[in-house]
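To start, the structure itself, in structure tokens.
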Amino acid sequence: MRDSMSIKSRRLRVLVVDDERDTLMTLGILLRSEGMVVRLAACGAEVAAAVAEFRPDAIVLDIGMPDRSGLQVALELARDHGSKCPVLIAVTAHSGEAARRLTAKSGFRRHIAKPYDPDALLELVASIEPRD
């Protein structure tokens, strides 16, 4: 499965946002190992500038960050970018239907609950088509 994902996802640009340094670095390594172009951000306040400069196809966004929740960041991105907003992937400890509805209402198109299987996350991200 990973070989076919590498070919498809080679040009995919992914912004990863998480306040946990180890998680951020691990996700960066994992996505880069599949040929994706990755940029890392350690807090919600960095997202707007990173999106403007990096122009990601997708954003893997932690929901529970201390400076600004992923839900707030998603709403801001949807407001500022409309239909040109990158595909938002919620990463959260909440897996129930209510959490999925909340993330969808905030603009997320994908949702993965912690702890997640790295291959499941790779498959989810690789399913996104590059915008260019």
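Values in this text are rule-based calculations from the coordinates and carry no lab data. Only a predicted model underlies this, so the values are computations on that prediction, with no experimental measurement involved. As a convention, Cβ positions derive from the backbone with ideal geometry for all residues, glycine included, and neighbour counts pool all protein chains shown.
Quick one: Debye curve from the C-alpha atoms of region 91-132, no solvent, what's log10 I(q)/I(0) at q = 0.16, 0.27 Å⁻¹? Those come out to -0.45, -0.99, one per q. Each DSSP beta bridge with both residues in the chain is either parallel or antiparallel, and the antiparallel ones are about 0%. Binning the alpha carbon pair distances of the chain at 10 angstrom intervals from zero yields the distribution 13, 49, 34, 4, expressed in whole percent. Taking other C-beta atoms within 10 Å as the exposure proxy, Thr103, Thr92 rank Thr92, Thr103 from fewest upward. Both numbers refer to the Cα atoms of region 43-116; Rg and Dmax are 11.5, 34 Å. Highest GNM mean-square fluctuation among Ala120, Ala93, Ala41, for the chain modelled with Cα contacts below 10 Å: Ala120. Would you work out which of Val125, Cys85, Leu61 lies farthest towards the positive end of the dipole of region 2-125, given +1 charges on the beta-carbon of Lys and Arg and -1 on that of Asp and Glu, about the Cα centre? Checking the options against the dipole of region 2-125, the answer is Cys85.
For region 53-132, a simple Cβ point-charge model (Lys and Arg +1, Asp and Glu -1, everything else neutral) yields a dipole of about 360 debye relative to the Cα centre. Pairs of Cα atoms nearer than 8 Å and 6+ residues apart set the relative contact order; for region 1-127 it is 23 percent.
Among Glu129, Glu97, Glu53, sorting on how many other beta-carbon atoms sit within 10 Å of each Cβ, with the fewest leading, yields Glu97, Glu53, Glu129. Across region 62-70, computed HN-Hα scalar couplings (Karplus, 6.51 cos²θ - 1.76 cosθ + 1.60, θ = phi - 60°) run 5, 7, x, 10, x, 7, 7, 5, x Hz from first to last residue, x flagging Gly and Pro.
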